[in-house]
Amino acid sequence: MSSLSETLSSLSMLATPEQLLQATGETLYMVVVSALISTALGLPLGVLLHVTRKDQFMSRPRLNRVLGAFTNIGRSVPYIILMVSILPLTRFLVGSSIGTNAAIVSLTLSAIPFVARLIEGALNEVPPGLIEAAQAMGAKPMQIITKVLVPEALPGIFNSLTVTVVTLISYSAMAGAVAGGGLGALGINYGYQRFDGMTMLVTVIILVALVQLLQSVGDALVRRVDHR
Amino acid sequence: MINIRSVNKVYGEGPNAVTALRDINLEVPQGGIYGVVGRSGAGKSTLIRCVNMLETPTSGQVLVDGQDLTQLDEQGLRLARHQIGMIFQHFNLLSSRTVYDNIALPLELMKADSAQIKAAVEPLLELTGLTDKVDHYPSQLSGGQKQRVAIARALATKPKVLLSDEATSALDPHTTRSILELLKNINRELGITILLITHEMEVVKRICDRVALISDGSLIEEDEVGHFFTHPTTALGHEFVETALSQPLPEGLEDRLHANKAPSRRPVIRLTFSGDSVQAPLITQLARQFSVDVSILQAQVEHIQSQVLGRLLAELSGSDEAIAQAMTHLESQPVRLEVLGYVQPV
Ligand SMILES: Nc1ncnc2c1ncn2[C@@H]1O[C@H](COP(=O)(O)OP(=O)(O)OP(=O)(O)O)[C@@H](O)[C@H]1O
Ligand SMILES: [Mg+2]
């Protein structure tokens, strides 16, 4: 670590290694928290979107259309617009419209429909024959979801979550640039406003490394649960 | 054990409605192996899926072990389904579970504890010959092994009835035979009633006691298997029997056959014997009583259940009168007579 900070100090860069470290921590914090919350809410939504479809075992076409419409709206609002338009909500929830916690609100809100659609897609890949076999065994709808549908879709679900996390990293840079906090904010502050190209470059390199790392972790998880 | 009464099934509504089953009545006796055959789209899958209510009949009753499944609420139906195992053409195993856990699934659904599961799964592994595969995932198994797992899984809740929807259709002939043997064993040893649907007469021939033939949603023929093979009553029945029994005609015969009778031509006939008629000295009778010579072109003996089925392809020669008399005699005998055509003597 010390040799890394020495290397960093030796670069002609206005930001200090401590600032970089802190910004990386903030980025990870925003990404991890918003990924956790959006998964906790997006997974059930994705399951609901799947099982209430017309041809599925909990078919509720009306509910499905309503959920689908909300999800589509959430997906189609550009992130930057969503972020500013929910500022009152953000202030209400976290007491401030700036800082990493504020960023988490908009990140989470935009990721929920994203996660839900990806997970719905993963569930669509489960062969209908498996659901039928479970029904023929006398499985309850909830058992079908927990014992068949989700476990069988797990590789796809982990893939979706990896995509979500990677997307959240780049969105968190955007959120940070506006709301403050994280690598995005640092890069903009030094690189754009103070013409410090080196800080900008280093933040980008850290972001790339984070994406690579999380993608590898995700891929490894998928391989572990994939027995197809 | 299974009683299907006046079952109709219509898919869809209005102008797009498809009638898949028309007034089906069928009874599967306790302990039997019952086959339903028919062409693609005849309604076989629909029929078997009505037996465990994966499809709800549009009208009619389905009784399994005396209980009318069409009258049950969701909870009642779930309980009834524990008594009805099912296997499928594409196995439908969970790729995320090992062999052991796949077989355990129906027990988990019933909230059995791990000791109960172990006690139920282990004998099934033994029965299906999968003991050394417990920890394998389905993707590591062959088709035949997968179907064995599916069979073990279907038996885990000790059902009274096993439904099989084309369970051997995705398997090669050798594997098919071993799976059919397994089903027969299960039927004998556990006393399970089996209802299977198939488009392969081979399956019916090997393991069924009774068979029903459906065509365009209607049951058109129903019989004990040995009798069906010797006395199919419908044209489609004939066709199915033919596909199961037919051997290619001897080299060159096809080209020499004429459809029409002519003074010097000799008839080529096929006789199908069954049961006691196999023993009857028909051929010597023809020679002695009618002075007709019989040259045998092809002979075949099949064992279908306890029945012996013989088929004989022969050319008759003699005077026109003698041949006519011989044919009349054959028609009065308990054999099936078909005239394939006429040949010019070489
Ligand atoms: N879910 C469905 N919706 C509409 N029509 C259906 C449905 N399932 C089956 N059918 C129709 O009902 C008829 C009977 O189909 P079924 O699957 O029972 O035939 P099958 O005898 O099992 O054929 P195969 O040997 O090809 O499996 C067919 O005309 C089919 O198109
Ligand atoms: Mg079918």
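Only helices enter the 222 nm calculation for chain A: every DSSP H run of n ≥ 4 contributes -39,500 (n - 2.57), and dividing by all residues gives -25500 deg cm²/dmol, rounded to 500. The C-alpha atoms of chain A define a longest principal axis, and helix A:61-76 lies at about 10 degrees to it. Buried between A and B is an accessible area of approximately 2000 Å², summed over both sides with a 1.4 Å probe.
For region B:254-343, the fraction of 1.4 Å probe accessible surface lying on carbon and sulfur atoms is 48 percent. Computed from the C-beta positions of B:ASN8 and B:ALA235, the FRET efficiency with R₀ = 22 Å rounds to 0.35.
Peptide B:2-11 is shielded by partner chain Cβ atoms: per residue, an average of 0 of them sit within 10 Å of its Cβ. Here the accessible area is traced with a 1.4 Å probe on the protein chains. For region B:164-233, carbon and sulfur cover 46 percent of it. Between the Cα long axis of helix A:197-225 and the first principal axis of chain A there is an angle of about 30°, rounded to the nearest 10. Accessible-area rank, largest first, for A:MET30, A:MET198: A:MET198, A:MET30, with all protein chains present and a 1.4 angstrom probe. The 1.4 Å probe gives accessible areas that order B:ASP68, B:ASP73, B:ASP255, largest first, as B:ASP255, B:ASP73, B:ASP68. Residues of region B:51-78 that bury at least 40 Å² of accessible area once all protein chains are present, compared with their chain alone (1.4 Å probe, heavy atoms only, ligands and nucleic acids left out), are B:LEU54, B:ARG78.
Ranking B:VAL339, B:VAL225 by solvent-accessible area of protein heavy atoms (1.4 Å probe, all protein chains present), from largest to smallest, gives B:VAL339, B:VAL225.
For chain A, carbon and sulfur atoms together expose 67% of the accessible surface, with a 1.4 angstrom probe and every protein chain in place. With a Förster radius of 60 Å applied to the beta-carbon distance between A:VAL94 and B:LYS158, the computed FRET efficiency rounds to 0.60. Looking at chain B, the DSSP beta bridges with both ends there are about 70 percent antiparallel.
If R0 equals 35 Å, the separation of the Cβ atoms of B:GLN140 and A:SER216 corresponds to a calculated FRET efficiency of about 0.85. Averaged per residue, region B:2-244 has 41 square angstrom of accessible surface, using a 1.4 angstrom probe with ligands and nucleic acids left out.
Among the listed pairs A:LYS54/B:LYS9; A:LYS140/B:LYS160; A:LYS140/B:LYS158; B:LYS9/B:LYS118, those with a Cα-Cα distance over 29 Å are B:LYS9/B:LYS118.
Quick check: the angle from helix A:150-179's long axis to the longest principal axis of chain A, C-alpha only, nearest 10 degrees? It is inclined by approximately 30 degrees.
The values are calculated or read from the model by the stated rules, or taken from the named source; none is laboratory data. The model shown is predicted, which means the values in this text are computed figures rather than measured ones. Reconstructed Cβ throughout: ideal geometry from the backbone, glycine too, with neighbour counts over all protein chains shown. Surface areas here come from the heavy atoms of the whole protein model, side chains and all, with no ligands, DNA or RNA. Shrake-Rupley method; radii C 1.70, N 1.55, O 1.52, S 1.80 Å.
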